[in-house]
Structure formats: C-alpha cells, structure tokens
Amino acid sequence: VLLFVWIETSNEYFGFDWVIFLGTGYWFFWSIVLLSLLGILTAYSSLLVVLGFLLIWEGYELYLHWCHKILILLVILLCSFFLWILCKFWQDKWLTAGLSLQIFAPYVHLSGISVMIILSWPVAFYLTHLEEEVRMRRFKMTYYDRETAKGCTILTKLRALQVAIGLPFILILLCLYFVPWGILSPCIQEEDKLGPKPDFFGHRGAPMLGPENTMMSFEKAVEQGAYGLESDIQLSYDRVPFLMHDDDLRRTTNIREVQPNASLTHSSFFLWSFLSTLNAGKWFVQSRFKPFYHMKPLSKADREKAENQRISKLTDLLEFAQKEKKFVLFDLNAPPRKHPLRNMYIRHVVNVILASKIEQHLIFWLPNFDRQYVRSRAPGFQQMGRLFSIERLRKENISRINVDYKKLFYKGLKDYKAANININLYIVNEPWLYSLAWCSRIHSVTTDNIQILSQLNHPYFFMTPGYYMFMWLLMDSVSAVLIVAIFYFHWWREHKKEMFNNINIHKDPQNINLQQNEHGSQ
C-alpha cells in the first residue's frame, strides 16, 4: 500500500524534498530514497511470501530464520510509522491515489482479470487435489468410520478448506466481471465530448529548464508555449518586490558562500543592492542540487547562461510579460514583522505593477487581502479566488479560481464548471494527472513540467465507452473460457490418475492369487 501510494504521488516529490530541506538544510532527492526503500521492502516481503507458498506447495513445514523474523518486525514497524505520518501530516495524499484510480481503474480491471486467469491454475490444482484426497479417504474408510466421523472428521475439514479457497476466488472473479458498472472514469467518454487542451502557467517559469524565478526560466516557459507565468513575490527591506519562493536564500542562491552567518535570515531583511549581487543559478547546474531528479542535461550554452542568473525583480517579469503578451499570476508573501511594509505591502505592489505600464488585463490577482482596494485602484486586473463557495465567488464577482489539483477528487469540481467558473489547477507535473485534468474539462494548469506536457496532443488512457465495453465483454468471455478449461483440465488429470490407481488396486489381488497358485504348483 505504501509503495502504491508513493508511486502515485510522484507529482509531489519536489514538495516532499523541499519540506525535508527546511528541516535539514540539505537538498537531496529524499523522495527517491524513500521510493527505493519501499521498493526494496516490498520485494523482500513478496519474496518471502512466494517462498513460503512454494514450500507449502511441496509439503514442507515452514520455518522462518531469526534474521527474517527481525527484518519482518522492522518492516512492520517502519510501515506502521510511515502510515501514521501519512495519515497524520499528509492525509491529502490519499486523494492523489484516489485520482490515479479514476484514470487507471479500467486498466486495473483488465489487469485484475488477467491475474485471476493466472491464479486459476494453482487454485484449480489445489481444489481438485483436495477433491481427490476426499475421495481416497472416503474409499479407504469403513462404513462405521463414516458414520461416527460425520460432521467433525478430516473430510469435513477438507471440504471447509475447499470452500475457503474456492469461494473467495469465485466472488473476486464475479466482482471483477461486474465492476465496470461502477467505474466512472473521466477519460471514458466520447471523442466529440472531450474538452480543449488546458493552458499552461509556467510554475516559477520552467524550473526544469532554467533556475526557478529567474528570467532564463521565464524565457524557457514562453518558448514552450506557456499561456501565463507564475511566480512568488517577496519584498526587500528597501521596498523592492523581487521573485523568490523560499523565505530564506539558502536553496537558490550562493548566500552561504557570501554571508554564511546570514543564510537563515529572512530574505525580506536584505537590501536590494545586496540581493542583486547574489548568484541565483549556480545551484541549478550542480548535480546534487538539481531540483528534479528526471531533468534532462543542459546544453553548454544553457549551462553557461544558468550559471550567470541573478535574482529578478517583479518589474523585470512584468516587462517581459508585456513584451510577450503573457498573463502573470503570483503568490504575494506578506513581509515578516518589523518590516517597513508589513501593513502596506498589497498597495505598494499594486503601485509597482501600475507603474510598470503592463496592460492590466494581463494580471491575474490572487491575494485575497485588501481586494476592494485592488478593485478600485486597478479595475482591469482579473480577479482570481481560491476554492471559495460559489455564492461567495458570485458575490465578489470572481469567475476564475486557483485550486489544488487534489480537489479534483471531489466530483471533478463539476459544480464550479456548471457555474461557468474557470479553474486553474496547481501543481500538475505528471502526464497522467494532466490527462485527467484534460478529460475533466479543466481550463488551465500550473506546471513545472511544461516541456513534456506541452507535447501531449491527446490525453493518456483515453477510450470511448464503446471500446471499453468491447474490451470488457471480450476479456470477461475469454477469461471465463480459459478458467473453465483450466479447471476441467485439472479435474480430468485427477480423474485419470484416480482411474489408474483403481486399476492397480484391482490388479494387485489377482497378482497375489496368481503368485500363490504358482508357488503351490511348484
């Protein structure tokens, strides 16, 4: 279960690594370490189960070595700990696993039937073997033994074992045969009902192609066809809005080399004259600091360009967006206490945006604080809300919302789509998740993986209802024929063996009488 959940939440690996970084101060692919650990534990436990099954098959008594006992105990404790962490602090990750089932359910169903066909061989073998055992014991029993042992003898136990093995197999098989009636996958629909491809907001630009929140990253996002550019804004101590996600500068700059003692200081307590001197790209080209483990190698030109990136100002992004006619979406972080703009940061940023001469309709205004002032000061901004109630959105005249992709689990947000509210999902990196958003008629997504998702011309795992019904009926029919044939083969083989044994039993007394007659003649 842990391995399945962690594989399906690969969209969250960057966030997991970032949280660990905040606690340890050291950037590493901890998500891949955890994935490898869970994979090893799953393989080890599965191997023990398979070996145990084979030992039982051959009639050996199970014996677990003390090393395996200790390791199994550690596996149980470790899995219990991770499950507790998952349920306590990361409970919404179960929603990601649920979303994956929405799109993979038809394929899981077809794969499940294939697995049942494979399992039918040992099940049929064991059931027919038990049936033969019952017949042999009944044949060897006297009439008195049958009468006194009725209800509680070995025969009853063998029959109970047959029911315990065969009944669950049949029930599971029947559930798999009829489960498509309960599958409601967004990617099972008619081709003409498929919505348009969702647009892209480059999350901090294109952070797999250039250092996040730098101009190089935004340029790469535009090259990949971004609809808009997403960023994070901090305010320097001398009131300059700049682009930075983290509260400190350790991860994305060389602050540890320049001022090691100030590496934990909030970035908003530095002057822009100092911030502008920091290098914001060398960390990106160093192998152990790469933010995403599956990044492609940079070309020599891109590597040199990345190494010379600096922290960007908000005005740099606005000028670039105006030039490229791209929309701008950002998270505005409130300055810490004792900052001169602690209570006025919204108004100051609005004034900076208006002073940049960018067309107002290119700004998607997300911060909810002091929204009335923003409306009056910049009426051309497109107001964007969070996952508020539909009544509140209508009251505040908001027609676009920015939503965590996991909220798609709840009925596909169909109530908001029915109310003509545009939906932007964040952060969507995996192709299967983007395909699910596409099939669910989502309008746009914020992504780190724009270079891959932009190449998709059709959603993954898409199929029409007619095609799925054909595959469903075909798989059910073929599997039923194969399973019946497998059971019949094992019954025929056991029946043939029984007849052979009966012939030998009848022949033995004749051989004995013949030998006695020959001995008497001699």
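The values are calculated or read from the model by the stated rules, or taken from the named source; none is laboratory data. This one's a predicted model, so the numbers in the text were calculated from it and none came from an experiment. Cβ atoms come from the backbone with ideal geometry, glycine included; neighbour counts cover every protein chain shown. Just the protein is used for accessible areas: all its heavy atoms, side chains included, with ligands, DNA and RNA removed. Shrake-Rupley method; radii C 1.70, N 1.55, O 1.52, S 1.80 Å.
Key figures for this structure:
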read-out	value
Length added when fully stretched, LEU482-VAL179, from 0.36 nm per residue minus Cα-Cα	107.1 nm
Angstrom value of the Kirkwood radius, inverse mean 1/r, which spans all Cα pairs in the range 1-44	10.8
Per residue accessible area of the range 184-265, 1.4 Å probe, in Å²	37
Cα centroid separation - the range 155-220 against the range 33-105, whole Å	21
Full-extension gain in nm, GLU307 to ASN368, via 0.36 nm per residue minus C-alpha separation	18.3 nm
Gyration tensor over alpha-carbon atoms, the range 18-147, equivalent ellipsoid semi-axes in Å	45, 22, 13
Cross-link partners of LYS326 among aspartates and glutamates (Cα-Cα below 16 Å; sequence separation of 8 or more within a chain)	ASP199, GLU219, GLU223, GLU230, ASP316, GLU359
Three principal axis lengths of the range 143-259 [C-alpha, angstrom, descending]	102, 51, 23
Estimated FRET transfer efficiency (LYS193, TYR26; beta-carbon r; R0 41 Å; 0.05)	0.25
Proximal lysines to LYS411, defined as alpha-carbon separation beneath 29 angstrom and excluding residues fewer than eight positions away on the same chain	LYS88, LYS93, LYS193, LYS197, LYS395
Net length gained if the chain between LEU54 and TRP18 were fully extended (0.36 nm per residue, minus Cα distance)	8.6 nm
Straight-distance crosslink candidates among lysines, where the alpha carbon sits under 22 Å from LYS296 and sequence neighbours closer than 8 are dropped	LYS220, LYS282, LYS305
Convex hull volume of the range 255-356 per residue (C-alpha atoms, cubic angstrom)	157
Fraction of accessible area attributable to carbon and sulfur, the chain (%, probe 1.4 Å)	62
Coarse-grained scattering of the chain at q = 0.07 Å⁻¹, given as base-10 log I(q)/I(0) from a Debye sum over alpha-carbon atoms	-0.58
Counting DSSP beta bridges with both ends in the chain, the antiparallel % (nearest 5)	15
Rounded tilt (10° steps) of 345-355 against the dominant C-alpha axis of the chain	70
Rg and Dmax [Cα atoms of the range 207-397; Å; Rg one decimal, Dmax integer]	17.4, 53
Karplus-derived HN-Hα couplings along the range 230-236 (A = 6.51, B = -1.76, C = 1.60, θ = phi - 60°), whole Hz, x at Gly and Pro	10, 8, 10, 10, 10, 10, 5
Estimated FRET transfer efficiency when R0 is 56 angstrom, pair PHE4-GLN322 (beta carbons, to 0.05)	0.75
Of every Cα-Cα pair in the range 306-351, the percent that sits beyond 14 Å	64
Estimated FRET transfer efficiency (ARG493, LEU62; beta-carbon r; R0 25 Å; 0.05)	0.35
Separation of the LEU271 and ILE85 label points, Cα + 7 Å toward Cβ, nm	4.3
Antiparallel bridges, percent of DSSP beta bridges restricted to the range 207-397 (to nearest 5)	35
Label point distance in nm, MET344-PHE388, each placed 7 Å from Cα along Cα→Cβ	2.7
